[in-house]
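Read through the structure below, which is laid out as C-alpha cells, and then see the notes.
The values are calculated or read from the model by the stated rules, or taken from the named source; none is laboratory data. On a predicted model such as this, the values are computed, not experimentally measured, just so you know. For neighbour counting, all protein chains shown are included, and Cβ atoms are generated from backbone atoms with ideal geometry for every residue, glycine included.
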Amino acid sequence: MQDSTVHVRVVSPIVTRGFRKLADLKALEYPGVTLSHAEIGTGPGSIESEFEAAVSVPGTLAEVLRAEREGVDAVVIDCMGDPGLRPAREIAGIAVLGPCQTGMHVAAMLGHKFSIITVMRRLKPSFENTAALCGLSTKLASVRSVDIPVLELEEDLSVTTRRLVEEGRRAVEEDGAEALVFGCTGLMGCAGALREGLLAEGIDVPVIDPIPTAVSIAAALVRVGLSQSRTTFPAPPQKQLVGYDELRAAALPAAAE
C-alpha cells in the first residue's frame, strides 16, 4: 500500500462501558498508525466463560463490519478468547486479528515454550484449545491464573502485580516457560511491571502484552498488503438470517431488502 496512515480499530466484545479507555489505546499510536475503539451494544459484561464468549459474537461481528464500511484498515478483537475471530474473517475483507492467536505465535517465535498467565482457572481449557488450533500445543508450557475476575483487576493493582509475578515465576521455574503471554486483555499495560518483578528475581523472559502486539502486527500486515486467506476463510453463503437485526443490517443490507 502507499505510504499513508493505517487505521486500526479495537473492538471490545463486552458491554461494560469505560473498561477499555480510548486514552489507553491512543497511547499505543505511533507515526503512521492511528487507533479507534468500539464496544458492542448487547452481550456480556466481561468474558470468563465459553457461554459469555458465544453471546458476544453477534455484536462483535456487527462492529467488525461497521469498521470495514467506515474505511478502517484492520480490526483487533479486544479479548483473549478471540470471540468471533473465524467468522469475522469470513465476512470481512480487512484483516481481523485476535490477541490470543497473535500473542501465542509471537511467544513461540521469541522462546522455545511459553506460558499463559490469565485471570481465572476455568479458562485453561480455552487456551489449550486455541493452542491446538494454532498448531502450538507442543509450545504451550502451561496456563496459570491469578484468580482475580476481569472486572476486579484494577481494584488493587499492587495485588494484581504481585500475583502476576508469582505465577510468572512459577511458570518459568516449574513449567519451563521461556516467554509469557497475558491471558486477559484487561491486563494491558502491566507487562512492564511483570517484567521488572521477574528481573528482580533474576528471571529474564519476554512478556507479551497481546493488545499492543496485535495492533502493531495488524498495522504491519496492512502495510505489506496481507490479510486472511480467502481459501481458509471463504465468504459465507447468502441465505435467510432470522433475528440478529443489528448484524443483519450491518452484514447483509442487500439480503434484508
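Tally up the residues in segment 205-257 that are surrounded by fewer than 10 Cβ atoms within 10 Å (Cβ to Cβ) and modelled with pLDDT of 95 or more, please. I'd like the intermediate steps shown before the answer.
Initially, segment 205-257 is screened for residues surrounded by fewer than 10 Cβ atoms within 10 Å (Cβ to Cβ), giving 224-225, 229, 231-232, 237-240, 242-243, 254, 257.
From the residues that got through so far, the ones that are modelled with pLDDT of 95 or more too are 224-225, 229, 231-232.
Going through segment 205-257 one residue at a time, the tally reaches 5.
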Suppose the filter is more than 13 Å from the chain's Cα centre (by Cα), outside the structural domain of GLU152 (by TED's automatic domain parsing), among the aliphatic types (A, V, I, L, M) and surrounded by fewer than 22 Cβ atoms within 10 Å (Cβ to Cβ); does VAL55 pass it? yes
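Consider GLY71 carefully, then state whether it is among the small types (Gly, Ala, Ser), in a loop (DSSP other than H, G, I, E, B) and surrounded by fewer than 20 Cβ atoms within 10 Å (Cβ to Cβ). Write out each step before concluding.
Values: among the small types (Gly, Ala, Ser): yes; in a loop (DSSP other than H, G, I, E, B): yes; surrounded by fewer than 20 Cβ atoms within 10 Å (Cβ to Cβ): yes.
Here the answer is yes, as GLY71 does meet what is asked.
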Pairs where the first residue, in segment 141-169, is closer than 18 Å to GLY202 by Cβ and the second is in a helix (DSSP H, G or I) and among the acidic types (Asp, Glu), C-beta under 9 Å, 6+ apart: VAL165/GLU196
I'm told SER142 meets every condition in (1) more than 26 Å from GLU52 (Cα to Cα); (2) modelled with pLDDT of 90 or more; (3) out of contact with any Lys or Arg (no Cβ under 7 Å at 6 or more places or on another chain) except one. Can you identify the failing condition by its number? (1)
What tally of residues in segment 71-91 results from selecting those that are modelled with pLDDT under 95 and over 23 Å from GLU52 (Cα atoms)? 0
State all residues of segment 74-100 that are under 14 Å from the mean Cα position of the chain (by Cα), assigned to a loop (DSSP other than H, G, I, E, B) and at negative phi; if no residue qualifies, say none. ASP78, CYS79, MET80, GLY81, PRO83, GLY98
Let me confirm something: among ALA62, ALA38, ALA23, which residue is without any contact (Cβ under 8 Å) to a residue 40 or more places away in the chain, assigned to a helix (DSSP H, G or I) and outside the structural domain of CYS184 (by TED's automatic domain parsing)? ALA23
Quick check: anything in segment 133-152 more than 21 Å from the chain's Cα centre (by Cα) and either assigned to a helix (DSSP H, G or I) or farther than 24 Å from ALA23 by Cα (or both)? yes
Within segment 141-156, the residues that are closer than 16 Å to GLY81 by Cβ, in contact with a strand residue (DSSP E or B) (Cβ under 8 Å, 6 or more places away or on another chain) and not small (Gly, Ala, Ser) are VAL143
